[in-house]
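Student: Quick one: this structure, given as structure tokens, is what I'll be asking you about.
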Amino acid sequence: MLHIHTADFRSSRDAGEVVALLDAYARDPMGGGTPLSEHTRTHLAAELAKRPHAHALIARMDDVPAGLAICIEAFSSFACAPILNVHDFMVDGAFRKQGVGARLMAGVETLARELGCCKVTLEVLEGNGPARKLYENAGFAPYVLDSAMGHAQFWQKYLTP
């Protein structure tokens, strides 16, 4: 039985599952292939709990953690409405190809609608075919404002203390 549960970052069970699932994702090649740092494992749930715009959904298959979506609310100035960004999305390898990802993504959409969001955003690696297919099946497409200008690109700059 698959159940999608809104995580309570202050619950030791939920916090532990969020960290364990995120660490499994981080160790996967699609998550970078490196485990979470000790600092992140120790502080992640408490830091997320401090942020009212942070949300997480945990997928449990027969009460076993099977997937995770960590979402952060942003704001669309053009639409003057909130956006829900799927910051991290993963299905544990033992539960792939069982519909967990589709149900978890449906849970994300339900959450976004409950929050009054105008859209859901996410990023995906070009080489992650299974995730791209899941997202396309859920109605996602590359971000374009004007086709003559091409697709938007996701860039980053690390800041050092």
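Student: Look at C80 and say whether it is buried (at least 23 other Cβ atoms within 10 Å of the Cβ), farther than 14 Å from V19 by Cα and at pLDDT 95 or above. Spell out how you get there, then give the answer.
Tutor: Values: buried (at least 23 other Cβ atoms within 10 Å of the Cβ): no; farther than 14 Å from V19 by Cα: yes; at pLDDT 95 or above: yes.
Judged against the criteria, C80 is not a match.
Student: Taking the stated definitions as given, is S11 of a type in the set (G, A, S) and surrounded by 13 or more Cβ atoms within 10 Å (Cβ to Cβ)? So that I can check it myself, show each step before the final result.
Tutor: Details: of a type in the set (G, A, S): yes; surrounded by 13 or more Cβ atoms within 10 Å (Cβ to Cβ): yes.
When the stated conditions are applied, S11 passes them.
Student: Which members of the stretch 67-82 meet the condition of being in a strand (DSSP E or B) and either at positive phi or over 11 Å from the mean Cα position of the chain (by Cα) (or both)?
Tutor: E73, A74, F75, S76, A81, P82 - these are the residues of the stretch 67-82 that are in a strand (DSSP E or B) and either at positive phi or over 11 Å from the mean Cα position of the chain (by Cα) (or both).
Student: Condition first: under 19 Å from G129 (Cβ atoms) and in a helix (DSSP H, G or I). Now tell me which residues in the stretch 83-97 satisfy that.
Tutor: Within the stretch 83-97, G93, F95 meet the criteria.
Student: Here is a further query. Tell me, which residue of the stretch 98-121 that is in a helix (DSSP H, G or I) and of a type in the set (G, A, S) is surrounded by the most Cβ atoms within 10 Å (Cβ to Cβ)? Full working, then the answer.
Tutor: So in the stretch 98-121, the residues in a helix (DSSP H, G or I) come out as 100-114.
Now narrow it down to the ones that are of a type in the set (G, A, S): 101-102, 106-107, 112.
Values: G101: 25, A102: 13, A106: 14, G107: 20, A112: 22.
Once the filter is applied, the top-ranked residue is G101.
Student: Considering only residues that are without any contact (Cβ under 8 Å) to a residue 60 or more places away in the chain and either part of a helix (DSSP H, G or I) or more than 17 Å from A112 (Cα to Cα) (or both), which ones fall in the stretch 48-62?
Tutor: Across the stretch 48-62, the qualifying residues are L48, A49, K50, R60.
Student: If you don't mind, another one. Taking V64 as meeting all but one of (1) surrounded by 14 or more Cβ atoms within 10 Å (Cβ to Cβ); (2) under 19 Å from L2 (Cβ atoms); (3) β-branched (V, I, T), write down the number of the exception.
Tutor: Exception for V64: condition (1).
Student: Looking at (1) modelled with pLDDT under 95; (2) closer than 12 Å to A66 by Cα, which one does L125 not meet, given that it meets all the others?
Tutor: (2)
Student: Take L111 and decide whether it is in contact with a helix residue (DSSP H, G or I) (Cβ under 7 Å, 6 or more places away or on another chain) and among the hydrophobic types (A, V, I, L, M, F, W, C).
Tutor: On the way: in contact with a helix residue (DSSP H, G or I) (Cβ under 7 Å, 6 or more places away or on another chain): no; among the hydrophobic types (A, V, I, L, M, F, W, C): yes.
Considered against the rule, which asks whether it is in contact with a helix residue (DSSP H, G or I) (Cβ under 7 Å, 6 or more places away or on another chain) and among the hydrophobic types (A, V, I, L, M, F, W, C), L111 comes out as no.
Student: Follow-up. From the residues in the stretch 122-161 that are of a type in the set (D, E) and loosely packed, with under 10 Cβ neighbours inside 10 Å, which one is farthest from S76 (Cα to Cα)? Spell out the reasoning first.
Tutor: Residues of the stretch 122-161 that are of a type in the set (D, E), as a first pass: 123, 126, 136, 146.
So of that shortlist, the ones also loosely packed, with under 10 Cβ neighbours inside 10 Å come out as 126, 146.
Details: E126: 25, D146: 17 Å.
Ranking the candidates gives E126 first.
Student: Still on this structure, please answer the following. Which one is surrounded by the most Cβ atoms within 10 Å (Cβ to Cβ) among residues in the stretch 83-97 that are of a type outside the set (D, E, K, R) and within 14 Å of the chain's Cα centre (by Cα)? Lay out the reasoning, then the answer.
Tutor: Taking the stretch 83-97 and keeping what is of a type outside the set (D, E, K, R), we get 83-87, 89-91, 93-95.
When the remaining residues are screened for being within 14 Å of the chain's Cα centre (by Cα), the result is 83-87, 89-91.
Values: I83: 18, L84: 26, N85: 17, V86: 22, H87: 16, F89: 22, M90: 24, V91: 28.
Result: V91.
Student: I would also like to ask the following. Name the residues in the stretch 14-42 that are of a type in the set (G, A, S), surrounded by fewer than 17 Cβ atoms within 10 Å (Cβ to Cβ) and part of a helix (DSSP H, G or I), would you? Break it down stepwise before answering.
Tutor: Of the stretch 14-42, the ones of a type in the set (G, A, S) are 15-16, 20, 24, 26, 31-33, 37.
Add one more test, that the residue is surrounded by fewer than 17 Cβ atoms within 10 Å (Cβ to Cβ), and what stays is 16, 20, 32-33, 37.
Those that are of a type in the set (G, A, S), surrounded by fewer than 17 Cβ atoms within 10 Å (Cβ to Cβ) and part of a helix (DSSP H, G or I): G16, A20.
Student: Still on this model: Give the residues of the stretch 67-77 that are crowded, with 22+ Cβ neighbours inside 10 Å and either without any contact (Cβ under 8 Å) to a residue 12 or more places away in the chain or not hydrophobic (A, V, I, L, M, F, W, C) (or both), sorted by residue number.
Tutor: Correct list: G67 only.
Student: Right, here's the next one. With the structure loaded, tell me whether A45 is in contact (Cβ under 8 Å) with a residue 24 or more places away in the chain, within 17 Å of the chain's Cα centre (by Cα) and either assigned to a loop (DSSP other than H, G, I, E, B) or under 16 Å from H5 (Cβ atoms) (or both) or whether it fails that test.
Tutor: Details: in contact (Cβ under 8 Å) with a residue 24 or more places away in the chain: yes; within 17 Å of the chain's Cα centre (by Cα): yes; either assigned to a loop (DSSP other than H, G, I, E, B) or under 16 Å from H5 (Cβ atoms) (or both): yes.
Answer is yes for this residue.
The values are calculated or read from the model by the stated rules, or taken from the named source; none is laboratory data. Not measured: the values here are computed from a predicted model. With ideal geometry, Cβ positions are generated from the backbone for all residues, glycine too; neighbour counts draw on all protein chains shown.
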